[in-house]
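Below you'll find the structure, written out as structure tokens, and then a few comments.
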Amino acid sequence: MSKFQFINREISWLSFNERVLQEAADERIPLLERLRFLGIFSNNLDEFFRVRVATLRRLKDFQFEDPDSVGFDPGKILLRINEIDQKHQARFEEIHKKLIRGLEKEKIFLIDEKQITADQGAFITQFFRDQVRANLFPVMIKNFKRSSFLRDRSIYLAVHLQKKSRPAKEDFALIKVPTSNASRFVILPKKGDKNYIMLLDDVIRFNLAEIFSIFTYDVFHAYSIKLTRDAELDIDNDVSKSFMERMTESLKQRKKGRPVRFIYDQQIPPPLLELLTQRLKITEKDSIIPGGRYQNFKDYMEFPNVGGPQLEYPPAPPLPHPDLAGSRSILATLGQKDVMLHFPYQSFQYIIDLLREASIDPGVRSIKMTLYRVAKSSRVINALINAARNGKKVTVFLELQARFDEKANILWSEKMQEEGVNIIHGIPGLKVHSKLILIKRKEKKENVLYANIGTGNFNEETARLYCDDSLLTSNSRITREVEKVFGLFEKTYYSPVTFKTLVVSPFRTRRFIIRLIDNEIRNAKSGKAAFIFLKLNSLVDESLVKKLYQASQAGVKCRLNVRGICVLVPGVAGLSENIEAISIVDRFLEHSRVFIFHNDGEERFFISSADLMVRNLDHRIEVGCPVYDKELQEELRTMMEIQWKDNEKARIIDKNQQNNYRKTNPENPVRSQVAIYEFFKNKYYLKTNE
């Protein structure tokens, strides 16, 4: 085989995040949306260091190779990550400066404490006293003994205090910028047609003399720093504790996780930087990154619009579904036909309506549901609680190990239990990542099952931003097996179950996909048409990548639409010349997983909660589902083809990770997310006007 067999997964992920940075640089995108892409880039990078870099650090310390990194040395990869990170940070700063200039052209000025007028200073001082000061708790650096008090991903100001008359008299302090208690952005009074915004960091800088008024210092300089910690949870196996107790204790330990990345304002004096790294126990093993005056650009995701609608994407409200709009009963509709919802193009409200209907329908006996990540004010959970109050038997599998949502899920778990919802918490050794609803209804003295199988979370907030597919059905071939999946959760022990219709990890997914690929290989070798069309978030699993290489070598045409990590190298002669791969990064997050196999003309369609990664195939409960309805198959096919024709936001995945835009036909621009929205809008109006 060619030496270009695999791209390292970490390098591929960084390439994906570079595509996010490209969106921030794209002048076709409204200005505030570009700022928000800077926020998304920064937030993504934080999570990457908290999880993947932390894992590589552990592997390096123990001199293990990362099993997911396909033979790459962790130490070398960490060095390469730091090189790419510094390159991306430089590009980030360049884009950020350009966007700030763009704001000024729109008469929006982001000013610091040295640029304000006297009346703005009075406003800021009063704002500080009313809104900020009570949340500040400075720590003198010479006093603190434990570095663990610094919170992960929080912004701190390292303050240098001096006397003008005696420069040698000095002290140092740390102040946490309290963004959890207030917006990062302080909107100042407007002057004529000019808008002014100040970062909370600079509000604090302006008031340093008041903060440290008990001292005699009169010169203050503040430099921002940020620490990123290892976010992996160590969960002990003390059988005397409940799983929830163990999770709660592990979350407390996360706050003290080992540092993996330290970013500092590069204007900081070297003696202060040295003092900080010593006190915080930052070593040369950690990623120490020089940065700018400000950190935590993830807050740019919430940048306020004080300039008008032209600075944001035009509205794209979720569309009604032609089969459900105006329906008196969703369950009655599902008794007649399968329905598929496509978020964010269509409304997530139908899922809420389904649960609400089930909660009051006298025929409904039970509701079962899996939850992984939910909205902060979840109407889904409120609907389930209402069902329990109405006497329905409600069972929820709530995954406590949903990374970074563990604390919220523990609180939701307690709330639902108080209301009579039966909560199931865990299967030893497995995360539950499947997206399922099962409703049992008594009809003519028989129990009829209705199911929802989706690719994304039951979260009304992210459903406005994430592209996902959700199948609603009463097809007994599917619903009986959904019931089997819930049977796994409700047992007090782990036991294998046979599935014939659903594609369930860790029991069947890997073998099933290999079998489907092998079928295409046989057909290609027999001279028949053969193709595979996959849409994924990530393609990492080594054995499946090798199987796709075999398919390419046999003549199977493979199209891959992979939003994030892709370790497969397309277009290599003798290895993958029949494989093309693209990645689409745009307004909405491409999150759905769709698999299409030609199958000698009898195409097979599947949606799934699983990406092709080791964790999804072998260490999680994931559910893939066949799509039988011909109209729904055609719907999925149309969406996939529109995305494949994208020549505005699709990038080519190649061995060099260049992220070149795919310019197939400049005279006929196709921006797939816009085209798909129009497709569903037209479909709705055509159906409702028949």
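The values are calculated or read from the model by the stated rules, or taken from the named source; none is laboratory data. Just so it is clear, the structure is predicted and the values come from calculations on it, not from any experiment. Ideal geometry is used to build each Cβ from the backbone, glycine not excepted, and the neighbour counts take in all protein chains shown.
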### Summary
Counting only residues that are part of a loop (DSSP other than H, G, I, E, B), of a type in the set (Ser, Thr, Tyr) and closer than 21 Å to Leu398 by Cβ, region 346-380 contains a total of 3
## Note on the structure
Checked region 492-534 for anything charged (D, E, K, R) and within 31 Å of the chain's Cα centre (by Cα); matches are Arg508, Arg510, Arg511, Arg515
### Test: Arg328 is among the basic types (Lys, Arg), on the phi < 0 side of the Ramachandran plot and without any contact (Cβ under 8 Å) to a residue 60 or more places away in the chain
yes
### Query
Checking Arg587 against (1) part of a loop (DSSP other than H, G, I, E, B); (2) farther than 29 Å from Asn457 by Cα; (3) out of contact with any Ser or Thr (no Cβ under 7 Å at 6 or more places or on another chain), which test does it fail?
(2)
#### Entry: Checklist (1) touching a residue at least 40 places away in the same chain (Cβ under 8 Å); (2) not in a loop (DSSP other than H, G, I, E, B) applied to Thr333, failing item
(1)
### Check on Asn656, at pLDDT below 95, more than 25 Å from Leu35 (Cα to Cα) and not in a helix (DSSP H, G or I)
yes
### Whichever residue in region 379-399 is over 29 Å from the mean Cα position of the chain (by Cα) and aliphatic (A, V, I, L, M) and, among such residues, is nearest to Gln417 (Cα to Cα)
Ala388
### Task
Identify all residues within region 535-575 that are surrounded by 20 or more Cβ atoms within 10 Å (Cβ to Cβ), in contact (Cβ under 8 Å) with a residue 60 or more places away in the chain and more than 26 Å from the chain's Cα centre (by Cα); write none if there are none.
Tyr549, Leu575
### Task
Give the number of residues within region 666-690 that are in a loop (DSSP other than H, G, I, E, B) and more than 33 Å from the chain's Cα centre (by Cα).
3
### Query
What are the residues in region 41-66 that are touching a Leu at 6+ places or on another chain (Cβ under 8 Å) and modelled with pLDDT under 85, if any?
Arg57, Lys60, Glu65, Asp66
### Query
If you go through region 41-51 one residue at a time, do you hit one that is of a type in the set (Val, Ile, Thr) and surrounded by 20 or more Cβ atoms within 10 Å (Cβ to Cβ)?
no
## Note on the structure
Per the filter on region 149-175, residues in a strand (DSSP E or B) and more than 26 Å from the chain's Cα centre (by Cα) are Leu157, Ala158, Val159, His160, Leu161, Gln162, Glu170, Asp171, Phe172, Ala173, Leu174, Ile175
